[in-house]
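So the structure is just underneath, and the comments pick up after that.
The values are calculated or read from the model by the stated rules, or taken from the named source; none is laboratory data. Here the structure is a predicted model, which is why all the values come from computation and not from measurement. Reconstructed Cβ throughout: ideal geometry from the backbone, glycine too, with neighbour counts over all protein chains shown. When the accessible area is computed, the model is the full protein with side chains, heavy atoms only, and any ligands, DNA or RNA have been set aside. Shrake-Rupley method; radii C 1.70, N 1.55, O 1.52, S 1.80 Å.
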Amino acid sequence: MWGRRRLSYLKNYRKVLYYNLLTSGKLHSHLANTEEQAQQLFLRLVKQYTENEGVTEQLKAIDQMKWVQKMNNISNRAMEIVNNELIYV
């Protein structure tokens, strides 16, 4: 997911970098590295936010809709940070 977003961004907005990576044979490794870093950052952020905001399995058992709402909010915030820090730069 993250690698495809990065590829699309490079093709549309950073064409010189895209062609440099493509012609040097480093595009695939760049995208794989970006995918790995983004996934790690996303999971770390989600874990931190859930701990800080008290989103637990107990909350899930008590009020499932509130848990879903909080998890969606956390996921969206983490995704926005990953996009701004790794994908769209």
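Structure data summary
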item	result
Residue 18 being of a type in the set (Ser, Thr, Tyr), assigned to a helix (DSSP H, G or I) and touching a residue at least 12 places away in the same chain (Cβ under 8 Å)	no
Conditions (1) in contact with an Asp or Glu (Cβ under 7 Å, 6 or more places away or on another chain); (2) open to solvent by 90 Å² or more (accessible area, probe 1.4 Å); (3) not charged (D, E, K, R): number failed by residue 76	(1)
Pairs, first within 12 Å of residue 85 (Cβ to Cβ) in segment 33-49, second open to solvent by 80 Å² or more (accessible area, probe 1.4 Å) and in a helix (DSSP H, G or I), C-beta under 6 Å, six or more apart	none
Residue list for segment 33-52, restricted to those being closer than 15 Å to residue 72 by Cα and either at pLDDT below 95 or hydroxyl-bearing (Ser, Thr, Tyr) (or both)	49, 50
Residues satisfying the stated conditions in segment 33-64, i.e. assigned to a helix (DSSP H, G or I), more than 22 Å from the chain's Cα centre (by Cα) and surrounded by 12 or more Cβ atoms within 10 Å (Cβ to Cβ)	59, 60
Of residues in segment 20-32 being farther than 24 Å from residue 79 by Cα and not charged (D, E, K, R), the one surrounded by the most Cβ atoms within 10 Å (Cβ to Cβ)	21
Out of 44, 4, sole residue that is in contact with a helix residue (DSSP H, G or I) (Cβ under 9 Å, 6 or more places away or on another chain) and either more than 17 Å from residue 88 (Cα to Cα) or acidic (Asp, Glu) (or both)	44
Pair list, Cβ under 7 Å, 6 or more apart: segment 69-89 residue within 11 Å of residue 55 (Cα to Cα) and free of Cβ contacts under 8 Å to residues at least 24 places away in the same chain, other residue assigned to a helix (DSSP H, G or I) and of a type outside the set (Ser, Thr, Tyr)	70/53
Any hit, segment 10-19, residues being over 19 Å from the mean Cα position of the chain (by Cα), surrounded by 13 or more Cβ atoms within 10 Å (Cβ to Cβ) and hydrophobic (A, V, I, L, M, F, W, C)	yes
